[in-house]
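*Asks:* Mind having a look at this structure? Questions to follow.
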Amino acid sequence: MILDRDSMGEDLFWAIRGGGGSSFGVILAWKVRLVDIPKTVTVFTIHRDLEKNATQLIHRWQYVAPNFDEDLFLRVIATRNTTWEGTMTNCATFNSVFLGDIDRLLAMMQEKFPELGLVREDCTEMTWIQSILYNNGFPIDSLEPLLDRFQHDVGYYKGKSDYVQKPIPIEGFEGAWSLFYEPEGKSAELLLTPYGGRMAEIPNNETPFPHRAGYLYKMHHMVFWEAKEVDKADKYISWVRKLYKYVTPSLPQSTGKEDMMWFWTLLIHASFYLIFLLLCIRIRRRRMLN
């Protein structure tokens, strides 16, 4: 049986759109909604280690990134690094795509995040499709890599996530950095992806993903290892769980009146998940009867 949106019904379409089609069948074709983008976008990647206030910049980023103009996306990737003297340190990489030209970006950053110290020489203008190549580590002079469907580098990774509603104190990040100096931390990343903007405008029940308004960013803890290290997989997995266990208590906890707000937020989210579950059960039952 081949179904389109009309014949499958809105409930099933809702579930597939938000959660994927693997639980219901095979997706043969789909439509995407195109949006207008400017002819030129601006990208930059800035590295700051601990000696250049990486921790303080990340802490400040928590306050400004979710409130940037919708045309600006600025994420942070925290990793282990080595100084010229051979000393281990931590590095924060600020990676951005801006839907506009350099002049407008510089003015915006000077107003909202001057602490980063962005200058014209850090920025490059290109087309949006070139920015996809740029952010995936490819040269931007050819689009051929986008047509290559084969995975040439085989590796493994384990990740765990948190959704942050209040800024983490500086001490929380400082304590996490020491874990990166352990052997398994050599290829680990702490990826901070800002929310806000368009994400905050989408209703919680629009798709099966309720982390919308009120969330500052997503924190993704990741560790990678190569195929030749498969016998050490348990060590890498244990390491990222240890990082996650450490960072979680650093997430600000509410007290007093905020506890009641937290309770109601939890109750609302639980109700959304219950709605999602009941919808999926109803959809699956309908499919089985058919």
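*Asks:* With the condition being in contact with an Asp or Glu (Cβ under 7 Å, 6 or more places away or on another chain) and modelled with pLDDT of 85 or more, I'd like the helices (runs of 4 or more DSSP H) fully within region 1-77 carrying at least 1 qualifying residues.
*Replies:* Here the list reads 54-64.
*Asks:* Only residues that are surrounded by 14 or more Cβ atoms within 10 Å (Cβ to Cβ) and among the basic types (Lys, Arg): list them for region 149-165, please.
*Replies:* Passing the criteria: LYS158, LYS160.
*Asks:* Can you tell me which residue within region 115-148, out of those that are of a type in the set (D, E, K, R) and closer than 24 Å to ARG48 by Cα, is surrounded by the fewest Cβ atoms within 10 Å (Cβ to Cβ)?
*Replies:* GLU121
Yes/no matrix, rows are residues, columns are (1) basic (Lys, Arg); (2) loosely packed, with under 15 Cβ neighbours inside 10 Å; (3) closer than 15 Å to PHE113 by Cβ:
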site: ILE2; (1), (2), (3): no, yes, no
site: GLY9; (1), (2), (3): no, yes, no
site: LEU12; (1), (2), (3): no, no, no
site: ARG48; (1), (2), (3): yes, no, yes
site: THR55; (1), (2), (3): no, no, no
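*Asks:* So, in region 88-116, of the ones that are small (Gly, Ala, Ser) and under 23 Å from the mean Cα position of the chain (by Cα), which residue ends up nearest to ILE37 (Cα to Cα)?
*Replies:* Per the stated criteria, the residue is GLY100.
*Asks:* Considering GLY196, GLY175, which residue is modelled with pLDDT under 95, at positive phi and of a type outside the set (Ser, Thr, Tyr)?
*Replies:* GLY196
Yes or no, residue by residue, for (1) modelled with pLDDT of 95 or more; (2) in contact with a Cys (Cβ under 8 Å, 6 or more places away or on another chain); (3) not in a loop (DSSP other than H, G, I, E, B):
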residue	(1), (2), (3)
GLU206	no, no, no
HIS211	no, no, no
HIS221	yes, no, yes
GLU229	no, no, yes
ILE237	yes, no, yes
VAL240	yes, no, yes
THR248	no, no, yes
PRO252	no, no, no
ASP259	no, no, yes
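Results for (1) in contact (Cβ under 8 Å) with a residue 12 or more places away in the chain; (2) under 21 Å from SER178 (Cα atoms); (3) among the β-branched types (Val, Ile, Thr), shown as yes or no for each residue.
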site: HIS47; (1), (2), (3): yes, yes, no
site: THR55; (1), (2), (3): yes, yes, yes
site: ARG60; (1), (2), (3): yes, yes, no
site: TYR63; (1), (2), (3): yes, no, no
site: GLU85; (1), (2), (3): no, yes, no
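*Asks:* In addition: When the residues of region 96-114 are filtered to those that are without any contact (Cβ under 8 Å) to a residue 60 or more places away in the chain and in contact with a helix residue (DSSP H, G or I) (Cβ under 7 Å, 6 or more places away or on another chain), which remaining residue is surrounded by the most Cβ atoms within 10 Å (Cβ to Cβ)?
*Replies:* In this case the residue turns out to be PHE98.
*Asks:* Could you figure out which of (1) of a type in the set (Gly, Ala, Ser); (2) part of a loop (DSSP other than H, G, I, E, B); (3) on the phi < 0 side of the Ramachandran plot isn't true of GLY86?
*Replies:* (3)
*Asks:* Quick check: is even one residue across region 26-36 among the charged types (D, E, K, R) and within 21 Å of the chain's Cα centre (by Cα)?
*Replies:* Checked against the condition, which is being among the charged types (D, E, K, R) and within 21 Å of the chain's Cα centre (by Cα), region 26-36 yields no hits at all.
*Asks:* Taking the criterion of being closer than 20 Å to ASN81 by Cα, more than 18 Å from the chain's Cα centre (by Cα) and without any contact (Cβ under 8 Å) to a residue 24 or more places away in the chain, would at least one residue in region 127-148 satisfy it?
*Replies:* no
*Asks:* TRP177 fails exactly one of the following numbered conditions: (1) surrounded by 15 or more Cβ atoms within 10 Å (Cβ to Cβ); (2) farther than 17 Å from LEU251 by Cα; (3) not small (Gly, Ala, Ser). What is the number of that condition?
*Replies:* Of (1) surrounded by 15 or more Cβ atoms within 10 Å (Cβ to Cβ); (2) farther than 17 Å from LEU251 by Cα; (3) not small (Gly, Ala, Ser), only one is false for TRP177: (2).
*Asks:* For region 148-204, how many residues meet the condition of being outside any helix (DSSP H, G or I), more than 18 Å from LYS242 (Cβ to Cβ) and of a type in the set (A, V, I, L, M, F, W, C)?
*Replies:* 5
The values are calculated or read from the model by the stated rules, or taken from the named source; none is laboratory data. Every value quoted in this text rests on a predicted model; they were computed, and no experiment measured them. For neighbour counting, all protein chains shown are included, and Cβ atoms are generated from backbone atoms with ideal geometry for every residue, glycine included.
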